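Everything on this sheet refers to the single structure shown next.
The values are calculated or read from the model by the stated rules, or taken from the named source; none is laboratory data. Quick caveat: nothing in here was measured; it's all calculated off a predicted structure. Cβ placement follows ideal geometry from the backbone for every residue including glycine, while neighbour counts extend to all protein chains displayed. Please note that ligands, DNA and RNA were not included when accessible areas were found on the heavy atoms of the full protein model with its side chains. Shrake-Rupley method; radii C 1.70, N 1.55, O 1.52, S 1.80 Å.
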Amino acid sequence: MATIESLLRAADLPDSPSARLDAEWLLAAALGKAASYLHTWPEREVPVECEARFVADLARRRRGEPIAYILGRQGFWSLELEVAPHTLIPRPDTELLVETALQLLPAAAMNVLDLGTGTGAIALALAHERPAWRVTGVDRVAQAVALATRNAQRLRLDNAVFCESQWFAALEGQRYALIVSNPPYIRACDPHLRQGDLRFEPSSALVAGEDGLDDIRQIIASASSHLLPEGWLLLEHGYDQAPAVRALFAEGGFCEIESRKDFGGHERISLGRRP
Ligand code: GLN
């Protein structure tokens, strides 16, 4: 039988800064242990069925499949979420949206909406931090709604509910104090779509027309009629889209418009308030 150490040494992932870490994640998952176990017991033998799973998972990774899809889970905020190939993999950048929402609004009871919720990441992080908020997450994709609902149940966040809706289509007459979204915002011709993890993620969650702003335009145009007076709209967007998004907010009659920077120093979210 092979040992933990020998399997990790032999794992031939393409040269990348995360290769060793990727192999450790996959082996730990195959063993059903935390990654720290590998460091504590490098000389332990790996049962053959765990080795077989590790070898199969490594082959998927070698083909470029994102670790999150292979493991079926991804951390976001303080939560561990189930992920699947019909949703975007939650990104650390999106935590800025959560952080900003928590800063802007009081903890008192209110209705909050997350558009294009995917795994439910944003909605669930908000529901977790603000037990008095009632958070609704909508997605056009039925499997995403089912996935987000499973995540809410597993995390016991019963102040988050999910339903199928193409943006506001199924939400007639509903009004919210806060609307958040990480919509698709990549330009259709962006070469990054053919690289890395993006190749495996659903293009419907990534691509938004020629300038990447099709969905953001639509959301801003319809948001006011679903916001309470003085309600906030917060949107994630591409690193170079902030000026265009602020202009759309202004056109839509919003006030207190501003953008905020992500950890990489890029203006990553913009927000505005309904008068
Ligand atoms: N931030 C993601 C990326 O550039 C895109 C997410 C999105 O389109 N909403 O990889």
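Structural remarks
- Taking the Kirkwood radius as Rh and the Cα radius of gyration as Rg, the chain has a ratio of Rg/Rh equal to 1.03.
- Pairs of alpha carbons in segment 131-275 whose separation is greater than 25 Å (percent): 33 percent
- Rounded to the nearest whole Hz, the Karplus-based 3J(HN,Hα) values (6.51 cos²θ - 1.76 cosθ + 1.60, θ = phi - 60°) of segment 167-176 follow the sequence 6, 8, 3, 9, 10, 3, x, 8, 10, 10, with x at glycine and proline.
- 14 Å beta-carbon shell around residue 83, net charge (K/R +1, D/E -1): -2
- For segment 200-258: rounded, prolate or oblate by the Cα gyration tensor [a/c cutoff 1.5]: prolate
- Short to long, the 10 Å bins of the Cα pair-distance histogram for segment 54-153 hold 16, 44, 28, 9, 3 percent of all pairs.
- Result for the chain in a Gaussian network model with C-alpha springs under 10 Å: among 92, 66, 184, the largest mean-square fluctuation is at 92.
- Estimated from helical segments only, the mean residue ellipticity of the chain at 222 nm is -10500 deg cm²/dmol, where each DSSP H run of four or more residues counts as -39500 (n - 2.57).
- Residues with amide H under 5 Å from that of residue 76, placed H, sequence gap 5 or more: 81
- Charge sum, other residues only, whose C-beta stays under 15 Å from residue 259's C-beta, Lys/Arg counted +1 and Asp/Glu -1: -3
- Fraction of beta bridges assigned by DSSP in the chain that are antiparallel (%, nearest 5): 40 percent
- For the chain, the fraction of 1.4 Å probe accessible surface lying on carbon and sulfur atoms is 52 percent.
- Cβ charges +1 (Lys, Arg) and -1 (Asp, Glu), total dipole of the chain, debye: 340 debye
- Taken over segment 108-165, the percentage of Cα pairs per 10 Å bin, counting from 0 up to the bin with the maximum distance, is 31, 57, 12, 0.
- Accessible surface of residue 65 - all protein chains present, 1.4 Å probe, nearest 10 Å²: 30 Å²
- Solvent-accessible surface (1.4 Å probe) assigned to residue 25 amounts to roughly 130 Å².
- Per residue, the accessible area of the chain comes to 47 Å², computed with a 1.4 Å probe over protein heavy atoms only.
- Other residues lying with their Cβ under 11 Å from the Cβ of residue 201 contribute a combined charge of 0, Lys and Arg counting +1, Asp and Glu -1.
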